[in-house]
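What follows is calculated from the coordinates using simple rules that are stated; it is not laboratory data. What you are looking at is a predicted structure, and each value in this text was computed from that prediction instead of being measured. Methodologically, a virtual Cβ is constructed for each residue, glycine included, from the backbone with ideal geometry; neighbour enumeration extends over all protein chains shown.
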Amino acid sequence: MAKIEVKNLSMIYGGVPEKALEMIDKGLNNDQIRKQTKQVVGIKKVSFSVDEGEIFVIMGLSGSGKSTLLRCLNGLNKASAGSIIIDGKDISRVNPQELRTIRREKMAMVFQRFALLPHRSVKDNVAYGLEIQGIVREERYDKVMNVLTMVGLEAWADYYPVNLSGGMQQRVGIARALATEPDILLMDEPFGALDPLIRQDMQDELIEIQKKLHKTIIFITHDLDEALKIGDRIALMKDGEIVQMGHAEDILFSPINEYVARFVENVDRSRALTASSVMVKPRSVVYPKDGPRVALHVMERFGMSGLFVTDRNGVLIGYVLAEDAGRISDTGERQLDSIIIKEVPSVAPDTSLADILEVIAHTQIPVAVVDEQNSLKGVLVRGSVIAGLAGQRKEA
């Protein structure tokens, strides 16, 4: 179910937005509208929805409209046309008091430049939103220490922002946003001011926090690698419009136009793609009681030198090699138990290719892709991984 729905949203900078909106409807471009009306188009008929618990990344170059769009979502920018529906309510049409309540209770903002209050300690910065909500001191500090522990800063509660590194200050900003327990996090290039290594650490930390809290997050960035790493879906903006929207694979493998193609041409595919995007379905498996002759028959049929072994529910047990199956077949054994290799290399579906390459390079057994229940979901073979890195969509 959609947590946020944006429908035909436009935002015009200028005193007479109606003229610009009329010209948008007639198909005029942004330059024509600006020259004829002196109005500037910030957002132009943007529509999308965000599911509950999804990280939705909006990206684009400077001036593409991404930050303008984010500020429309919390009412800092007033939309000129269209609707912003959160939990069924169009917040673009509520009165100022209702909007303030929605901001306090449903959403929180994380800024690029931290926006910490220098005269407040770390814990008092984190507690700020709770104070605004009227939470009593003891309760708000309990909440503060919980979120500081989550971001690894509990030992820094009584220090001041000046005592912290940039990455630590951004952790404080994230903790402040989480303290009010919002449904929605709006993150405006939150890691853009950080050094590259710290930025990667913060991306990893956000992913770990999301696994625990399952917030609905709208994340703004101009960095495609960052978008591909953390986003469930990505919207790429240009001149106030969304030019392409979809999953990472959609953007990488099927750019809709030359602008998108140029955007993705230098991306590090090993970081962007995951096991699920390059795995192939296992052509066949065997069960422990099938016996060596059945295993050899299946291998011969599919031209394989080994097979994965699962139980009847698809849970991975191990792997058998053709030479071992042939050996015990000659002795008359009827089950595979004695030759099942239990130590099988395996990865989760969301493991990046960068983390898989070394595993593949040092194993003679195909790498299994398994879910949290250890069910076999796919197989990584060198050919499919190389095709993914080369930018070719694999066939399932």
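Stretching Thr331 away from Ser254 to a fully extended chain increases their span by 22.4 nm, per 0.36 nm per residue minus the current alpha-carbon distance. What's the local net charge at Lys123, with K and R +1, D and E -1, over the other residues with C-beta under 12 Å away? In short, 0.
Under 19 Å of direct C-alpha separation, and excluding same-chain neighbours fewer than eight residues apart, Lys281 reaches these lysines: Lys377, Lys394. With both labels modelled 7 Å from their Cα along Cα-to-Cβ, the Val40 to Ser270 distance reads 4.2 nm.
Around the amide H of Ile58, modelled in the peptide plane, lie the amide H atoms of Phe219, Ile220, Thr221, Ala235, all under 5 Å away and 5 or more residues distant in sequence or on another chain.
Can you pull the percent of Cα pairs in region 1-45 with separation above 16 Å? Here the tail beyond 16 Å accounts for 33 percent of pairs. Using a cut-off of 29 Å between Cα atoms, the listed pairs Lys89/Lys123; Lys215/Lys342; Lys143/Lys211; Lys44/Lys89; Lys3/Lys211; Lys38/Lys215 include Lys89/Lys123; Lys215/Lys342; Lys38/Lys215 as exceeding that distance. Computed over the alpha-carbon pairs of region 46-189, the distance histogram in 5 Å steps reads 2, 9, 18, 20, 18, 15, 11, 6, 2, 0 percent, short to long.
Across q = 0.16, 0.24, 0.28 Å⁻¹, region 251-293 modelled as identical point scatterers on its alpha-carbon atoms has Debye log10 I(q)/I(0) values of -0.60, -0.90, -0.99, in the order of the q list.
Beta-bridge orientation, the chain: approximately 60 percent antiparallel, per DSSP, counting only bridges with both partners inside. Computed over neighbours whose Cβ is under 10 Å from that of Lys229, the net charge equals -4, Lys and Arg +1, Asp and Glu -1. Considering helices alone, the calculated mean residue ellipticity of the chain at 222 nm is -11000 deg cm²/dmol, with DSSP H runs of length four and up weighted by -39500 (n - 2.57) and normalised per residue.
Across region 198-207, rounded Karplus estimates of 3J(HN,Hα) from the backbone phi angles (6.51 cos²θ - 1.76 cosθ + 1.60, θ = phi - 60°) give 5, 4, 4, 4, 5, 4, 4, 5, 4, 4 Hz, Gly and Pro being marked x. Note on region 276-389: along the principal axes its Cα atoms extend 44, 26, 22 Å, ordered by decreasing extent. In the list (i) 25.0; (ii) 22.1; (iii) 24.2, the label attached to Kirkwood radius over Cα pairs in Å as derived from the coordinates here is (iii). Here the residues Leu213, Leu296, Leu236, ranked from fewest to most Cβ neighbours within 10 Å of their Cβ, fall in the order Leu213, Leu296, Leu236. The distance separating the Cα centre of region 165-180 from that of region 127-141 comes to 16 Å.
Each residue of region 288-297 was assigned a 3J(HN,Hα) from its phi angle through the Karplus curve 6.51 cos²θ - 1.76 cosθ + 1.60 (θ = phi - 60°); the sequence is x, 8, 5, x, x, 5, 4, 4, 5, 4 Hz, with glycine and proline shown as x.
Taking the DSSP bridge list for region 276-389 and keeping only pairs wholly inside it, about 75 percent are antiparallel.
Quick one: net charge of Ala361's neighbours, Cβ under 13 Å, K/R +1, D/E -1? In short, -1.
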